[in-house]
Amino acid sequence: MSALAKFNRLRAIASLLYPPACTICSASVAAGEYLCAECDAKITRIVPPFCAKCSEPFAGAISSAFTCANCAHRTLHFDAAVAAYRSRGIVRRVMLDFKYGRQIHLRHPVARWLLAALDDERLRSRRFNIIIPVPLHPARERQRGFNQAALERIRYTTTQTAFDRAERMENLHGAFRLRKNADVRDLHVLLIDDVLTTGSTLSECARVLKEAGARSVHAATAARA
Ligand SMILES: [Zn+2]
Ligand SMILES: [Zn+2]
């Protein structure tokens, strides 16, 4: 029996022991699904109109003179940061359980939301030379058991949520650097992160990458606050 066939058989046995259930409400779902149709329908998709640069959605129509409140009066160093879902309710809960609750199987719905961002027209047709995940602080990196490439986080930044926008930028300055021997000169970079809040983290990563010669930096996240 091939390794894959063995794996599928094990999975079939496991699903008899642990029938697949919705991760939110425990309703039974088809194998390979993590949310039931009812919970899935409660997820908020980001639809136009939204800011082309940071994906912040707006209520109502955009007039020709609009400015995005999130982008106003500051420089965001990425070319565009794209998210397809709002990080609220069920999405937020799944993301938190995935990140901090060690529920690794939730990578599947998270990956789906990220894929939806990658399918956005701002990213879909672009060619990227390198994909770089936003680095975790080394202590967290060890906790989560995987290593990151190209960029590294060199300074611990306290949790960002208590800061306003200006303080976030200040708090992050100097938090990242290019890894030794990493070369991003002339590359079109795609940054990946879980959640975009104000865009400060992605912007700081983009600043470092562009300073190191990256030609463009776009970002995709699984969700947006
Ligand atoms: Zn459900
Ligand atoms: Zn914006």
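The values are calculated or read from the model by the stated rules, or taken from the named source; none is laboratory data. Worth saying up front: this structure is predicted, and the values here are computed from it rather than measured. Here Cβ is always computed from backbone atoms with ideal geometry, including for glycine, and neighbour counts include all displayed protein chains. Heads up: the accessible areas ignore ligands, DNA and RNA and are worked out on the full protein's heavy atoms, side chains in. Shrake-Rupley method; radii C 1.70, N 1.55, O 1.52, S 1.80 Å.
Of Val82, Val110, Val91, which residue is open to solvent by less than 80 Å² (accessible area, probe 1.4 Å), in contact (Cβ under 8 Å) with a residue 60 or more places away in the chain and assigned to a strand (DSSP E or B)?
From the options Val82, Val110, Val91, the qualifying one is Val82.
I'd like the full set of residues that are more than 17 Å from Trp113 (Cβ to Cβ) and at pLDDT below 95, limited to the stretch 30-53.
Answer for the stretch 30-53, where residues must be more than 17 Å from Trp113 (Cβ to Cβ) and at pLDDT below 95: Ala30, Ala31, Pro48, Pro49, Cys51, Ala52, Lys53.
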